[in-house]
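Undergrad: Mind having a look at this structure? Questions to follow.
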Amino acid sequence: MSAPDNLEIEYKYLIRYPDIAVLESQPRSKKAEIVQTYLLSENGVTARVRSWTENGTTRFFKTEKKWISRMTAEEKETQISEEEYLVLLDKADPIRKPIAKTRYRIPFASHLLEIDIYPFWKKQAVLEVEISQEDEAVDIPSYLSVLRDVTGEREYKNHSLALSVPKEG
């Protein structure tokens, strides 16, 4: 289930580093290699470009987000050409590093789990679950161990990780 097209509502959890073989063995599990670069943008708007490689095919996206609550953002995402992507990289925010991650997308119950594995952490990862309304309950499978709910915590947003990585707990 997901929110209206222009809204992204999600829970975000810090989880114990998962067993990759277990993630890959889940029915309909998909794996993508992502590099996202944050762009200079106007105040209150977060802009980024992404390269997204899945099954040997790379696609490129531009996304703009404006947070309207701790869980909800207005989001505009468009697929762009590689040429547009390369031009936009010239507008990268110079104080933020590109973020590389491996994302596993796994359907579970009525939601899509997105597990982000970062190269800078060996003990933890991030789980995102998109929901259709802020009070919606989610089930988390037993093969994932939640350390804590970090929904709305700035330091665990990718925009902040591009500045400074929190220490592992």
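We did not get these values from a lab; they are worked out from the coordinates using the rules stated. Values in this document were obtained by computation on a predicted structure and should not be read as measured data. Counting neighbours? That spans all protein chains shown, and the Cβs are built from the backbone with ideal geometry, glycine included.
Undergrad: Work out, step by step, the length gained on full extension between Gln133 and Leu40: first 0.36 nm times the residue separation, then minus their alpha carbon distance; give nm to one decimal. It would help to have the intermediate numbers written out before the result.
TA: Details: separation 93, 0.36 × 93 = 33.48 nm, distance 3.00 nm.
That works out to 30.5 nm of additional length.
Undergrad: Quick check for me: using +1 on Lys/Arg Cβ and -1 on Asp/Glu Cβ, what's the dipole size of the chain about its Cα centre, in debye to the nearest 20?
TA: 640 debye
Undergrad: Run down the aspartates and glutamates and flag those whose C-alpha is under 13 Å from the C-alpha of Lys91, throwing out any fewer than 8 positions away in its chain.
TA: List returned: Glu42.
Undergrad: What is the extension gain from Leu112 to Ser164, computed as 0.36 nm multiplied by their sequence separation minus the C-alpha to C-alpha distance, in nm to one decimal? Don't skip to the end; give the middle numbers.
TA: Details: separation 52, 0.36 × 52 = 18.72 nm, distance 2.76 nm.
Length gained between Leu112 and Ser164: 16.0 nm.
Undergrad: Using the Karplus equation 6.51 cos²θ - 1.76 cosθ + 1.60 (θ = phi - 60°), what ³J(HN,Hα) coupling, rounded to whole Hz, does each residue of the stretch 150-159 give in order, writing x for Gly and Pro?
TA: 10, 3, x, 7, 3, 5, 9, 7, 4, 4
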